[in-house]
Amino acid sequence: MREKVLANASVKRVVAALDAAGIATEIIVTEEATPSSQAAAVKHGCDVAQIAKSVIFRGLTSDRVVLVITSGANRVDEARVVEAIGEAIGRADAAFVKERTGFSIGGVAPLGHLQAPITLFDETLLAFEVIYPAAGHPNTGFAVAPRALAEATAARVLVVA
């Protein structure tokens, strides 16, 4: 199963983006999908706050992808996102997420998107030495220093919860 997951086109895009950013890490493949931050934390043996979930919104004026990388312990305050990007946002459905990012919900990675998103990064993640985002497939993740990920995604760091 590991080889099949690592051969997935979405995972390969994430690996290429990590390599391009100079981030040396290993893709972690789990036997079962991790459908929630809590499940991911159990699989990675970390606190739920160390799970870096990628939440996708749709810019209602620009129709752009808005990516919010936030702690698994936090809920995104949509008003803060709107204030930060200067545009109203809406929920992104599964079809929009797949078409624009190349990822299926549950495996959305913070980098390796098909189209460059507007990216915001939850500053609470900076409190950790290591965080765990998805790597392009619901059965994947990787360990990374939060500041390195924020830089690699060219994200604006702010309070999003």
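The values are calculated or read from the model by the stated rules, or taken from the named source; none is laboratory data. In this text the structure is predicted, and so the values were computed from the model without any measurement. Note that each Cβ is placed from the backbone with ideal geometry, even for glycine, and that neighbours are counted across all protein chains shown.
Candidates 95, 154: the one that is of a type in the set (Gly, Ala, Ser), surrounded by fewer than 17 Cβ atoms within 10 Å (Cβ to Cβ) and closer than 24 Å to residue 28 by Cα is 154. Output yes when any residue across region 93-106 is part of a loop (DSSP other than H, G, I, E, B), touching a helix residue (DSSP H, G or I) at 6+ places or on another chain (Cβ under 9 Å) and among the small types (Gly, Ala, Ser), and no when none is. Looking for residues that are part of a loop (DSSP other than H, G, I, E, B), touching a helix residue (DSSP H, G or I) at 6+ places or on another chain (Cβ under 9 Å) and among the small types (Gly, Ala, Ser), one finds at least one in region 93-106, hence yes. Is there a residue being of a type in the set (A, V, I, L, M, F, W, C), under 19 Å from residue 13 (Cα atoms) and assigned to a strand (DSSP E or B) anywhere in region 137-154? For region 137-154, residues of a type in the set (A, V, I, L, M, F, W, C), under 19 Å from residue 13 (Cα atoms) and assigned to a strand (DSSP E or B): present.
Evaluate the following for residue 13: is it under 25 Å from residue 151 (Cα atoms), in a strand (DSSP E or B) and of a type in the set (Lys, Arg)? Taking the combined requirement at face value, the residue does not satisfy it.
For region 20-32, the condition holds for no residue, the condition being that it is within 12 Å of the chain's Cα centre (by Cα) and β-branched (Val, Ile, Thr). Restricting 67, 6, 18 to residues that are touching a Ser or Thr at 6+ places or on another chain (Cβ under 9 Å) and at pLDDT below 95 narrows the list to 6. Selection within region 93-106: residues that are at pLDDT 95 or above and within 11 Å of the chain's Cα centre (by Cα). The member of this set that is farthest from residue 8 (Cα to Cα) is 101.
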